[in-house]
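Undergrad: Right, I'll just put the structure down here and ask away after.
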Amino acid sequence: MEVVRAEFITSAVESNQYPADHLPYVALVGKSNVGKSSMINTVTNRSKLAKTSGQPGKTRLVNFYRINNAFYLVDLPGYGFARVSQKEKERWGYMIETFLSSSPNLLGIIQLIDIRHNPTADDMTMLNWIEHYEMPLIILATKADKLGKTRIKPQIDKIRRKLEISLDIPIIPFSSKTGQGKEALLKALDSLLKNPPDFQGL
C-alpha cells in the first residue's frame with residue numbers, strides 16, 4: 001500500500017458523530033504516550049497530521065483520519081494514564097468501549113505496545129477484549145529505535161510469550177523516528193483491507 005492522501009476528518013465522543021460514509025475503520029489502541037499519533041504521521045508521510053505531545057493523555061477524543069479515500073485510521077484515547085481524575089478515566093473508557101462495541105464497519109485493530117517494556121495489565125485487558133470479539137489484530141511494538149538491534153527480536157519473542165498469542169498475529173517492531181517497520185505495517189494493512197472479516201459496513 002502507498003498512502004497518497006491522508007486527511008483529518010473529525011473528532012467524536014458519541015457514535016452519531018462518526019463519519020457517515022461507511023468506509024471501514026482500523027482502530028489504534030494503546031496506553032498513553034505509546035506513539036499512536038507519531039505512527040499516524042509516519043505511515044501517512046505527514047509530520048503534523050496528528051498532533052503529538054510528550055505529555056501523556058493528549059488524545060482525549062476519538063479522532064478519524066481518512067486514508068486514500070478508502071478507509072479510516074481511528075485514534076482512540078490512550079488507556080492507563082494515571083494522572084487524570086477517575087471521572088476522566090471513565091469518560092475515556094466510555095468512548096473506547098462505545099467505539100469498539102458499536103462500529104459495524106470496524107475492520108481490525110492495531111494495538112501499540114512499547115517494545116522496551118512488558119505488556120501492562122491494561123494491555124492485557126484490551127487484548128482480552130479483542131480476542132473475545134475475534135477482531136483481526138496487528139501488534140505494533142513501538143519505539144524500537146530505543147533498543148539495540150540485537151535486543152529487538154528477543155524482546156518481541158518475550159512480548160509474544162507474555163501476551164500468549166499465536167504466531168498468526170504479527171508483532172511488528174516500529175520506530176517513528178527511523179521508519180523501521182513502516183513498510184511491514186502498510187503491507188499488513190493492505191492485507192487486512194483486501195481480506196476483510198465478515199464486514200457489515202459497506
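Undergrad: Search the stretch 48-57 for residues being at pLDDT 80 or above and not charged (D, E, K, R), and hand back the single one that is farthest from S37 (Cα to Cα).
TA: L49
Undergrad: What number of residues in the stretch 145-184 are over 20 Å from I109 (Cβ atoms) and of a type in the set (G, A, S)?
TA: Counting residues in the stretch 145-184 that are over 20 Å from I109 (Cβ atoms) and of a type in the set (G, A, S) gives 3.
Undergrad: Note down all Cβ pairs under 9 Å where the first residue falls in the stretch 10-37 and is crowded, with 22+ Cβ neighbours inside 10 Å and in a loop (DSSP other than H, G, I, E, B), the second is among the basic types (K, R) and modelled with pLDDT of 90 or more, and they're at least six residues apart or on different chains.
TA: V34/K143; G35/K143
Undergrad: Filter the stretch 119-133 down to the residues that are free of Cβ contacts under 8 Å to residues at least 12 places away in the same chain and closer than 21 Å to L189 by Cβ and list them by number.
TA: Within the stretch 119-133, just E131 meets the criteria.
Undergrad: Tell me which residues, restricted to the stretch 99-124, are in contact with a strand residue (DSSP E or B) (Cβ under 8 Å, 6 or more places away or on another chain) and among the polar types (S, T, N, Q).
TA: Keep residues of the stretch 99-124 that are in contact with a strand residue (DSSP E or B) (Cβ under 8 Å, 6 or more places away or on another chain), which gives 99-100, 103, 105-115, 119-120, 122-123.
S103, N105, Q111, T120 - these are the residues of the stretch 99-124 that are in contact with a strand residue (DSSP E or B) (Cβ under 8 Å, 6 or more places away or on another chain) and among the polar types (S, T, N, Q).
Undergrad: Which of the residues spanning the stretch 154-178 are exposed (fewer than 13 other Cβ atoms within 10 Å of the Cβ) and more than 20 Å from G35 (Cα to Cα)?
TA: Those that are exposed (fewer than 13 other Cβ atoms within 10 Å of the Cβ) and more than 20 Å from G35 (Cα to Cα): P154, D157, R161, E164, S166, L167, D168.
Undergrad: Also: Would you pick out the residues in the stretch 58-92 that are of a type in the set (V, I, T) and at pLDDT below 65?
TA: Matches in the stretch 58-92: T59, V84.
Undergrad: Can you name every residue in the stretch 187-198 that is touching a residue at least 60 places away in the same chain (Cβ under 8 Å) and either under 16 Å from P24 (Cβ atoms) or in contact with a Phe, Trp or Tyr (Cβ under 8 Å, 6 or more places away or on another chain) (or both)?
TA: Those that are touching a residue at least 60 places away in the same chain (Cβ under 8 Å) and either under 16 Å from P24 (Cβ atoms) or in contact with a Phe, Trp or Tyr (Cβ under 8 Å, 6 or more places away or on another chain) (or both): L189, D190, L192, L193, P196, P197.
Undergrad: Kindly indicate whether any position in the stretch 16-27 is under 13 Å from the mean Cα position of the chain (by Cα), modelled with pLDDT under 95, closer than 17 Å to I96 by Cβ and not hydroxyl-bearing (S, T, Y).
TA: Yes, because at least one residue in the stretch 16-27 is under 13 Å from the mean Cα position of the chain (by Cα), modelled with pLDDT under 95, closer than 17 Å to I96 by Cβ and not hydroxyl-bearing (S, T, Y).
The values are calculated or read from the model by the stated rules, or taken from the named source; none is laboratory data. Note that the structure is a prediction, hence the values are computed from the model and not measured. Note that we place each Cβ from the backbone using ideal geometry, even for glycine, and neighbour counts take in every protein chain shown.
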